[in-house]
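Quick notes on the structure that follows.
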Amino acid sequence: MNFKTFILLYIFPVVLSAAVESGDRLNVFDMKKKLLGQNKMIQEMSREVGNVEMNLGVQNKKYLRLADERAKIEENLSSARKNADLDNQNLKKNFNETKMILMGVLLNKLEKAESSSDLLSRKILVENLQRRLQDLDGMLKTNKAVLDDVERLYLRLEDSMKTEKALLSMMSELEQRKKDLHANIESENIKKSDAQNHFDDMKNKMAMERESLHKSQLREKLLPVQITEEIKIPSQQAAGSNTASTLSVAGADFFPPISLYQGIDYQKKGVTFNFQGKNEVRAPKAGKVVYTGSLASYGNVLMIDHGNDTRTVLLGQFDYNVKNGDPIKADQLVGYTNPRSQNGLGDGKIYFEVRKNNLAQNTYLLLDKKTLARNSSK
């Protein structure tokens with residue numbers, strides 16, 4: 001057996017097996033790491049499903065209570081409007097009748113036979129009719145003010161119904177989120193099962209290769225041949241390049257709601273701002289506060305109406321210092337972030353969404369990019 005034949009038959013398979021084993025070990029390590037990541041992802045999604053279900057239960061009870069209260073208010077307002085309309089009709093009728101009587105008295109020619117007593121009676125009658133007209137006119141004005149108040153209450157009720165509709169839309173999206181999470185969990189479980197099977201196959205393959213390597217090494221020791229040359233395996237490095245593209249969107253005019261953030265996450269709807277510690281929360285645009293409240297473990301909610309059926313929603317770990325009905329200027333201070341961990345110095349998140357006709361928009365495209373870049377702490 002010459003040296004070249006020995007290299008091909010014995011040494012090369014051993015070196016190749018060692019290289020394969022090293023690569024397989026790296027693959028197994030990556031696969032194990034991936035399995036751990038998948039387990040963590042599934043656990044996080046399961047916890048989020050629990051949070052979504054709890055929030056849905058809380059918000060459903062709140063929505064039913066608000067709907068019942070609104071129905072009672074609508075019934076009372078309807079009754080008040082009917083009564084006010086009836087009073088208005090009666091007052092107008094009495095006013096017109098009294099006015100006609102007064103005009104009849106004033107236009108009636110004095111008879112030659114009237115005495116001074118008759119003239120005095122006529123004067124007293126005219127004065128009484130005039131006072132009656134003044135009283136009726138005042139009552140008509142008061143009744144009109146009542147009707148105006150009822151109309152204003154109806155407008156407030158309609159605004160409240162819009163907010164209620166927006167909350168219902170958010171609940172619907174939470175329900176869809178729960179369905180998506182269940183589907184994702186099922187998909188991840190399938191991927192995890194496939195990865196586990198692949199992981200087990202790889203371990204078995206490595207065990208077989210180790211056994212083969214051991215036999216080859218044992219066979220090598222038994223050969224009465226001395227190897228004096230070095231066998232060098234050349235290493236190769238693959239060069240890679242990363243490219244990045246920047247999307248520029250014209251007409252974006254909503255200010256970022258947080259004055260300083262660590263990073264953002266976004267898809268086709270809202271934008272999540274990651275922050276640390278206490279920071280200012282500002283209005284993204286001028287408008288009016290139409291809803292303040294909380295959504296269980298998600299945090300506080302602030303909804304601002306900007307007109308033209310456009311509203312913005314802030315949801316997360318922050319405390320607001322405004323109330324329903326407050327007019328808001330663009331970039332006005334409306335609260336502060338509060339991560340509620342490590343005495344307010346920990347990490348937190350705020351979700352920001354632009355809604356048009358109660359439909360979530362691609363909020364990232366609507367943000368002012370200059371302000372967005374300036375507010376980033378990275």
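The values are calculated or read from the model by the stated rules, or taken from the named source; none is laboratory data. Computed from a predicted structure; not experimentally measured. Neighbour counts are summed over all protein chains in view; Cβ atoms, including those assigned to glycine, are modelled from backbone coordinates with ideal geometry.
So which of Leu157, Leu153, Leu77 ends up being modelled with pLDDT under 80, touching an Asp or Glu at 6+ places or on another chain (Cβ under 8 Å), in a helix (DSSP H, G or I) and surrounded by 11 or more Cβ atoms within 10 Å (Cβ to Cβ)?
Among Leu157, Leu153, Leu77, only Leu157 is modelled with pLDDT under 80, touching an Asp or Glu at 6+ places or on another chain (Cβ under 8 Å), in a helix (DSSP H, G or I) and surrounded by 11 or more Cβ atoms within 10 Å (Cβ to Cβ).
Can you tell me which residue is nearest to Asp265 (Cα to Cα) among those in region 349-378 that are part of a strand (DSSP E or B) and of a type in the set (Val, Ile, Thr)?
The qualifying residue nearest to Asp265 (Cα to Cα) is Ile350.
Which condition from (1) exposed (fewer than 14 other Cβ atoms within 10 Å of the Cβ); (2) free of Cβ contacts under 8 Å to residues at least 40 places away in the same chain; (3) among the charged types (D, E, K, R) is the one that Arg122 breaks?
(1)
Given the condition of a type in the set (A, V, I, L, M, F, W, C) and within 25 Å of His306 (Cα to Cα), answer yes or no: does some residue in region 175-197 qualify?
no
Any residue at all in region 161-181 that is more than 27 Å from Ser294 (Cβ to Cβ) and in the same structural domain as Gln43 (by TED's automatic domain parsing)?
Within region 161-181, none of the residues are more than 27 Å from Ser294 (Cβ to Cβ) and in the same structural domain as Gln43 (by TED's automatic domain parsing).
Taking the stated definitions as given, is Arg340 of a type in the set (Lys, Arg) and under 18 Å from the mean Cα position of the chain (by Cα)?
Considered against the rule, which asks whether it is of a type in the set (Lys, Arg) and under 18 Å from the mean Cα position of the chain (by Cα), Arg340 comes out as no.
Considering (1) surrounded by fewer than 20 Cβ atoms within 10 Å (Cβ to Cβ); (2) in a strand (DSSP E or B), say which one Lys323 fails and leave the rest.
For Lys323, the failing item is (2).
Examine region 241-262 for a residue that is surrounded by fewer than 17 Cβ atoms within 10 Å (Cβ to Cβ), at pLDDT below 90 and at positive phi, and state whether such a residue exists.
Looking through region 241-262, at least one residue is surrounded by fewer than 17 Cβ atoms within 10 Å (Cβ to Cβ), at pLDDT below 90 and at positive phi.
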